[in-house]
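Contents: one structure, followed by commentary.
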Amino acid sequence: MRILVTGGAGYIGSHTVLTLLEAGHDVVVVDNLSNSSEEALRRAAELAGREAAFVRADITDEAALDAAFEAHSPEAVIHFAGLKAVGESVGIPLEYYYNNVAGTIALLRSMERHGVRTIVFSSSATVYGEHNPTPYIEKMEIGAMNPYGRTKEQIEDILSDLGASDGRWHIALLRYFNPVGAHPSGRIGEDPQGIPNNLVPFIAQVAVGRRERLMVFGGDYETPDGTCLRDYIHVVDLAEGHAAALRYLQAHPGVHRWNLGSGKGTSVLEMLHAFEAAVGAPIPYEITARRAGDLPAFWADPSAALADLGWSTTKSVAQMCEDHWRWQKNNPLGYQNS
Ligand code: NAD
Ligand code: WQD
């Protein structure tokens, strides 16, 4: 297939582009490089032995999108592009709604104009909000708790309305849990700009000597070791989930929702100790105050993705840490200077 991937230079995007190239698809990436580097695409091409076309453009720019659709005639879209920092979204909500929601509307309008009606969208477990019991199931009522999460919820609504309005649309809403890890080659991986917001990139930067110690946000939760539980998923498993969703969509119009997670909860301290095992050395940490907005524990019920897509996670927490560490150790400054 010919697939247009928005945000394809980013963390999850670059791993998915590699998976798609390896499966023989033709890929065109549209990315404004606001949170990524073209080097990720060069390395994905090196690993795959063939390259994706690249269009540097913003998804809010409909004329640029139209030009990309005309030049590359994609048959489907995987839509990763967007801003993703929860804390930042509270301070600059308009940027988030514009980039994520207006950007998606621009993309969908351009898709309609070019008769492309198959889309896989990056949603998030964050849409389940604070009122649902864990494990999360797709049919639960959603209700995000912050502007970032609400952009995901609003885009899910827009896509659901679009699918209901016209039976020619094939739409997958993929709710990712906590993506971590890197390609096992150590050539591509997550490259956060500034201070990492997320747990595993922070641990990795402590391990490589860029930061002094991990702050564990809260040790007094009602969980087995007092720290929060999350459902971590290897980014390569996540990339495979996109390929599986695309295959399913080919035969199934309508709007479909799937959790992409492992179904298991891992605590902050368990993750830290698994990373220490990968590194072979202790990682300094300190238990500090809770972070506002964190939920004590949640994980996926991933049974719908298994039943419909034949997809489930294959990689353990140990592999996530080993692969993340290989990437960080080989690229201590990420893609900088390459
Ligand atoms: P990322 O920041 O590495 O990738 C996003 C990419 O989109 C970047 O390459 C960035 O340059 C590009 N981009 C942003 N705004 C754009 C715009 N207006 N026009 C064109 N390109 C733009 O993030 P990621 O972790 O790879 O996440 C990919 C998607 O998955 C995002 O939509 C994110 O919200 C979603 N998601 C991520 C996680 C996570 O923890 N990483 C969890 C759930 C959902
Ligand atoms: C995991 C655990 C922290 C950093 C976020 C978004 C969510 C989704 C995935 C996009 C929590 C603890 C973290 C640190 C810590 N993204 N922690 N010290 O919060 O589950 O989910 O990313 O859709 O929307 O909210 O992930 O990696 O930030 O935190 O102790 O320096 O690690 O408190 O318990 P989270 P995370």
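The values are calculated or read from the model by the stated rules, or taken from the named source; none is laboratory data. All values derive from a computational prediction rather than experimental measurement. Note that each Cβ is placed from the backbone with ideal geometry, even for glycine, and that neighbours are counted across all protein chains shown. Side chains are part of the model used for accessible areas, which takes the heavy atoms of the whole protein and leaves out ligands, DNA and RNA. Shrake-Rupley method; radii C 1.70, N 1.55, O 1.52, S 1.80 Å.
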Among the residues of segment 136-181, how many are of a type outside the set (A, V, I, L, M, F, W, C), farther than 28 Å from Cys228 by Cβ and part of a strand (DSSP E or B)? 1
Which numbered condition trips up Glu70, out of (1) without any contact (Cβ under 8 Å) to a residue 40 or more places away in the chain; (2) within 26 Å of Ala23 (Cα to Cα); (3) assigned to a helix (DSSP H, G or I)? (1)
Would a scan of segment 201-209 turn up a residue that is surrounded by fewer than 18 Cβ atoms within 10 Å (Cβ to Cβ), at pLDDT 95 or above and within 15 Å of ligand 1 (Cβ to nearest atom)? no
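Is one or more of the residues making up segment 53-62 among the aromatic types (Phe, Trp, Tyr) and farther than 24 Å from Lys152 by Cα?
Start the filter on segment 53-62 by keeping residues that are among the aromatic types (Phe, Trp, Tyr), which leaves 54.
Next cut, farther than 24 Å from Lys152 by Cα only: 54.
Checked against the condition, which is being among the aromatic types (Phe, Trp, Tyr) and farther than 24 Å from Lys152 by Cα, segment 53-62 yields at least one hit.
Having 2 or more residues that are of a type outside the set (A, V, I, L, M) is the bar; report the strands (runs of 3 or more DSSP E) wholly within segment 207-289 that clear it.
Values: elements: 214-217, 232-234, 254-260, 285-288.
Once the strands (runs of 3 or more DSSP E) in segment 207-289 are filtered for at least 2 residues that are of a type outside the set (A, V, I, L, M), what remains is 232-234, 254-260, 285-288.
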If you take the residues of segment 20-45 that are more than 16 Å from ligand 2 (Cβ to nearest atom), touching a residue at least 60 places away in the same chain (Cβ under 8 Å) and surrounded by 20 or more Cβ atoms within 10 Å (Cβ to Cβ), which of them is nearest to Gly189 (Cα to Cα)? Ala40
In segment 70-81, what count of residues is obtained for those that are open to solvent by less than 70 Å² (accessible area, probe 1.4 Å) and out of contact with any strand residue (DSSP E or B) (no Cβ under 7 Å at 6 or more places or on another chain)? 0
Pair list, Cβ < 6 Å and 6+ apart or interchain, from segment 83-101 residues that are in contact (Cβ under 8 Å) with a residue 60 or more places away in the chain to residues that are among the polar types (S, T, N, Q) and within 10 Å of ligand 1 (Cβ to nearest atom): Leu83/Asn99; Ala85/Asn197
Condition set in contact with a strand residue (DSSP E or B) (Cβ under 7 Å, 6 or more places away or on another chain) and among the acidic types (Asp, Glu), scope segment 225-268, selection least open to solvent (accessible area, probe 1.4 Å): answer is Asp231
